[in-house]
Amino acid sequence: MYRSHTCGELNAKHIGEKVSLSGWVQKVRNKGFMIWVDLRDRYGLTQLIFDEERSSKDLMEKAENLAREFVIQVEGSVIERESKNPNLPTGEIEVLVEDFKILNSSVTPPFTIEDETDGGEDLRMKYRYLDIRRNPVKNKLIFRHKVAMQVRNYLSQEGFIEVETPYLIKSTPEGARDFVVPSRMNEGQFYALPQSPQTFKQLLMVGGMDKYFQIVKCFRDEDLRADRQPEFTQVDCEMAFVDQEDILNIFEGLTRHLLKEIKAVEVDKFPRMTFDEAMRKYGNDKPDIRFGMEFAELNELAKDKGFNVFDQQELVVGIAVPNAASFTRKEIDNLISWVKRPQVGANGLVWAKYNEDGSLKSSVDKFYSQDDLKAWADKTGAKPGDLILVMAGNADKTRTQLSALRMHLGNELGLRKADEFAPLWVVDFPLLEWDEETERFHAMHHPFTSPKKEDFALLETEPGKVRANAYDLVLNGNEIGGGSIRIHDKETQSQMFKYLGFTPEEAKEQFGFLMDAFQYGAPPHGGIAFGFDRLVAILGGQESIRDFIAFPKNNAGRDVMIDAPAKLDEEQLDELHLRLKL
Ligand code: ASP
């Protein structure tokens, strides 16, 4: 028997018991006459003691050879500690070692394996298996498991069946590049890894599965922005015989269940906001509604007052920053430089301080009277003590820039509190999105999303105005889920492919299987997928998803531990009928 107890288990109740423990040596303190060893396993830390007076000479000598990360098995008795550690569950006791075995030695680890480590990110990723021994990482993986279990519990209770779908498939259009896998047996042909199981889950609905889910890996070959992974996990779901309302209810239920079980947080019915409203009020289709600073459009109040800069612009829009009238000139200048950085790309920022005494002071006092500025304050909802910030320009761009500023201020002013949860649904997304580069429309969600019936006629005349039965679940400024009601008849689906610029031949070649299936009694259906890594990170109160993934890739898409991707040798390339052109 390697162990009678774990290293996180023993306390004052066990005093006097003979126990055996197995684990890693975290720390050795050798005072000569006494040696203390911190023994670690997944469950915690237990202090071992070797004592000249109570342990044999042999044992003392053997203990002197112990070093960090040796794996040992000890036999001993639980005794009361002289100096207790109230911060440690096992802090009242220690184990007086009677005998021990070295199960494996260790070379000196490249960084200290403790909660606070001297290892930088790169080093920790290269030796991720050592990093996982540390509490902060280990606990996040355990946390992820708990969330996954709660997802499975809830969905199973609601009658969903987890079905696995294949990884070696054909392209799925989720808007990214595919990762491809050459087929040895089918010369010159390639599989694509799924960007999501989208078409398969729809085929499961045709197959009568009715309520499907899967916690599943998806693969997207995208330029990696911060905190994106080329392979990531979705909670992927689909239901038949439902309309949008049914889906929103079920998955609002799932989110509420997770918040309650994992965070002990109860939330009210989720607010709903149309895409248009979200863009107008927050400049963003995933607004963080934990804090105010809603956009106020100031065109009517700010134009035609002699301030040229505003007069020529499509949109003048402002926010009231709470309690920021006290910002110094320097702080405001910093904000101005911040919005002018290429990442934001604004031309500038106009400000007006609403002083505590009710007076207003602005960077454009020359053009606007106190009454004018008071009207800005009323429109933005500013109170005495607040700072009004205003931007102007092309409507879409300006909204995006002001949104970036709003989020920046939300972070700076500590308004985005990790322990506050504000979910909402954003609904009525546009069906199509104009792509400047290719000069054509793309499906904003994916080509299987159904347009709103009442907008159908617009497809011919104003395709950009057509709204979709598509929805996103947003939590604290993050899109954590997105889905849609699908097209389920062949005719509409082929029309959609046509609007997206596919020739009938291309549509048939890529998605013939789906349109064929639609001829055999496809039920009305719809679904959603949650980004599981992000969901777990948000529930865990963190911004970064990386630590919640056991073996993540770095920003260049590399696994630095196993050193992948890697070259293939000639023989493998030959077998795959591949020749490199480098
Ligand atoms: N397949 C979609 C996605 O990955 C989700 C859905 O429409 O259900 O975003």
Helical segments meeting 30 Å axial Cα length and Kyte-Doolittle -1.0 threshold in the chain (DSSP H): 135-157
Order of K581, K305, K453, K281 under a 10 Å beta carbon neighbour criterion, fewest first: K581, K453, K305, K281
Burial ordering of K452, K260, fewest other beta-carbon atoms within 10 Å first: K260, K452
Extension gain, E17 back to M185 (0.36 nm per residue minus Cα-Cα distance, nm): 54.2 nm
Spin-label pair L123/N65, simplified geometry with 7 Å Cα→Cβ offset, distance in nm: 2.8
Separation of the N355 and K101 label points, Cα + 7 Å toward Cβ, nm: 8.1
FRET efficiency for K567 and Y167, using Cβ-Cβ distance with R0 set to 22 Å, rounded to 0.05: 0.45
Helix-only [θ]222 nm of the chain, DSSP H runs n ≥ 4, -39500 (n - 2.57) each, per residue, nearest 500: -8500 deg cm²/dmol
Protection proxy ranking, peptides 359-367, 245-253, 283-291, average beta carbon neighbours within 10 Å, highest first: 283-291, 245-253, 359-367
Filter on K286/K397; K452/K498; K281/K465; K13/K140; K170/K581; K217/K567 - keep pairs with C-alpha separation over 27 Å: K13/K140
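Where a number appears in this text, it was derived from the coordinates with a stated rule and is not lab data. Fair warning: this is a prediction, and the values are worked out from it, not measured in the lab. FYI the Cβ positions are ideal-geometry reconstructions off the backbone, even for glycines, and counts take in every protein chain you see.
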